[in-house]
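Chemist: Please see the structure below; I have some questions.
The values are calculated or read from the model by the stated rules, or taken from the named source; none is laboratory data. Note that the structure is predicted; figures quoted are calculated from it, not measured. Every residue, glycine as well, gets a Cβ built from its backbone with ideal geometry; the counts of neighbours run over all protein chains shown.
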Amino acid sequence: MTLKKLIESRYSVRAYLPQPVEKEKVEYVLECARLAPSANNFQPWRFIVITSPERVKGIYKAYDREWFKTAPMHIVVCKDSSESWKRTNSDDKDFGDIDAAIAAEHICLAAAEIGLGTCWVCNFNPNILKQALRLPEHQDPIAIFPLGYIDEAKNLIPEKKRKSLSDLTEWI
Ligand SMILES: Cc1cc2nc3c(=O)[nH]c(=O)nc-3n(C[C@H](O)[C@H](O)[C@H](O)COP(=O)(O)O)c2cc1C
């Protein structure tokens, strides 16, 4: 499959089958995240894989949606601001969120490649999530990814609504 076809085929999956995801598939997805580029190659990320019914309750409190609970597992991508690169020559910008987002999108594309569904979820309560995961002060969750086999009957594959390239691009 070409990269473009893979990108076209990925969509936000909001209904999953209960069947668990094989460990090697989860590891494949995580390996693709691990190989992501990052500013100065500092790799300021952490991937928290949640499969236990006990621990998942904490993340439901942070993002309480019925569809989210259909996934058999979740991956939380965190950035570690004690490890991220800062642009100290001018504005001290912290690139940790950008780095973690690149790794996170690798998760989505890798999952799509091997026939699994995911959805970016950022509309969670960060304080509740941080507490539930017992994250130290310098680690922040940037997104939660439900991961699982797609319940095809309940997901309508959406039309890709995107702005046109001419509206987004300037050739100078
Ligand atoms: C940074 C980010 C945060 C998002 N947060 C949520 C969210 O909290 N809940 C949700 O249902 N979808 C969330 N989405 C999914 C978007 O709504 C979705 O990607 C967008 O509508 C395009 O649809 P598609 O992914 O099917 O192509 C998020 C996507 C991104 C990139």
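Chemist: Just one of (1) within 12 Å of the ligand (Cβ to nearest atom); (2) surrounded by 17 or more Cβ atoms within 10 Å (Cβ to Cβ); (3) outside any helix (DSSP H, G or I) trips up A101, so point out which.
Modeler: (3)
Chemist: Something else about it: Working carefully through the options R87, R65, find the one that is over 16 Å from the mean Cα position of the chain (by Cα), loosely packed, with under 15 Cβ neighbours inside 10 Å and within 23 Å of L116 (Cβ to Cβ).
Modeler: On the way: R87 fails: within 23 Å of L116 (Cβ to Cβ).
The match here is R65.
Chemist: Go through the range 30-42 and give me each residue that's part of a helix (DSSP H, G or I) and in contact with a His (Cβ under 6 Å, 6 or more places away or on another chain). Let's see the steps before the verdict.
Modeler: Applying the first criterion (part of a helix (DSSP H, G or I)) to the range 30-42 yields 30-34, 39-41.
Within the range 30-42, C32, A33 qualify.
Chemist: Is there a residue in the range 130-143 that is more than 23 Å from R34 (Cα to Cα) and either modelled with pLDDT of 95 or more or over 19 Å from the mean Cα position of the chain (by Cα) (or both)?
Modeler: Within the range 130-143, the subset more than 23 Å from R34 (Cα to Cα) is 131-132.
Pick out the ones that are also either modelled with pLDDT of 95 or more or over 19 Å from the mean Cα position of the chain (by Cα) (or both) and you get 131-132.
So far as the range 130-143 goes, yes, one or more of its residues are more than 23 Å from R34 (Cα to Cα) and either modelled with pLDDT of 95 or more or over 19 Å from the mean Cα position of the chain (by Cα) (or both).
Chemist: For the range 43-54, enumerate the residues that are surrounded by 15 or more Cβ atoms within 10 Å (Cβ to Cβ) and either within 16 Å of the ligand (Cβ to nearest atom) or assigned to a helix (DSSP H, G or I) (or both).
Modeler: W45
Chemist: Same structure again: What is the residue count in the range 55-74 for residues that are assigned to a loop (DSSP other than H, G, I, E, B) and away from the ligand (no atom under 16 Å from the Cβ)?
Modeler: The first filter runs over the range 55-74 and keeps only residues assigned to a loop (DSSP other than H, G, I, E, B), leaving 63-66, 71-72.
Filter once more, keeping what is away from the ligand (no atom under 16 Å from the Cβ): 72.
The total comes to 1.
Chemist: Please give the number of the condition Y11 fails out of (1) of a type in the set (S, T, Y); (2) more than 14 Å from the ligand (Cβ to nearest atom); (3) under 16 Å from the mean Cα position of the chain (by Cα).
Modeler: Against the list (1) of a type in the set (S, T, Y); (2) more than 14 Å from the ligand (Cβ to nearest atom); (3) under 16 Å from the mean Cα position of the chain (by Cα), Y11 comes up short only on (2).
Chemist: Same structure, new question: It is to be established whether one or more residues within the range 106-116 are assigned to a loop (DSSP other than H, G, I, E, B), crowded, with 20+ Cβ neighbours inside 10 Å and touching a Gly at 6+ places or on another chain (Cβ under 6 Å).
Modeler: Pass one, the range 106-116, residues assigned to a loop (DSSP other than H, G, I, E, B): 114-116.
Right, trim to crowded, with 20+ Cβ neighbours inside 10 Å and you get 116.
Restricting the remaining residues to those that are touching a Gly at 6+ places or on another chain (Cβ under 6 Å) gives none.
Within the range 106-116, none of the residues are assigned to a loop (DSSP other than H, G, I, E, B), crowded, with 20+ Cβ neighbours inside 10 Å and touching a Gly at 6+ places or on another chain (Cβ under 6 Å).
Chemist: Name the one entry in A153, A132, A143 that is within 14 Å of the ligand (Cβ to nearest atom) and small (G, A, S).
Modeler: Details: A153 fails: within 14 Å of the ligand (Cβ to nearest atom); A132 fails: within 14 Å of the ligand (Cβ to nearest atom).
Only one candidate qualifies: A143.
Chemist: Name the pairs whose Cβ atoms lie under 9 Å apart, with the first residue in the range 1-17 and in contact (Cβ under 8 Å) with a residue 60 or more places away in the chain and of a type in the set (K, R), the second more than 9 Å from the ligand (Cβ to nearest atom) and part of a loop (DSSP other than H, G, I, E, B), and 6 or more positions between them or separate chains?
Modeler: R14/K154; R14/N155
Chemist: Also: Give me the pairs, please: first residue somewhere in the range 116-138 and under 16 Å from V56 (Cβ atoms), second residue anywhere and within 16 Å of the ligand (Cβ to nearest atom) and part of a loop (DSSP other than H, G, I, E, B), beta-carbon distance under 7 Å, and either six or more positions apart or on two chains.
Modeler: T118/V13; C119/V13; C119/R14; V121/Y63; F124/Y63
Chemist: Kindly indicate whether any position in the range 77-95 is of a type in the set (D, E, K, R), within 16 Å of the ligand (Cβ to nearest atom) and in contact (Cβ under 8 Å) with a residue 60 or more places away in the chain.
Modeler: Yes; the residues of the range 77-95 include at least one that is of a type in the set (D, E, K, R), within 16 Å of the ligand (Cβ to nearest atom) and in contact (Cβ under 8 Å) with a residue 60 or more places away in the chain.
Chemist: Another question, then. Return yes or no: is Q19 more than 16 Å from the ligand (Cβ to nearest atom), assigned to a loop (DSSP other than H, G, I, E, B) and farther than 18 Å from Y149 by Cβ?
Modeler: On the way: more than 16 Å from the ligand (Cβ to nearest atom): yes; assigned to a loop (DSSP other than H, G, I, E, B): yes; farther than 18 Å from Y149 by Cβ: no.
The answer is no for Q19.
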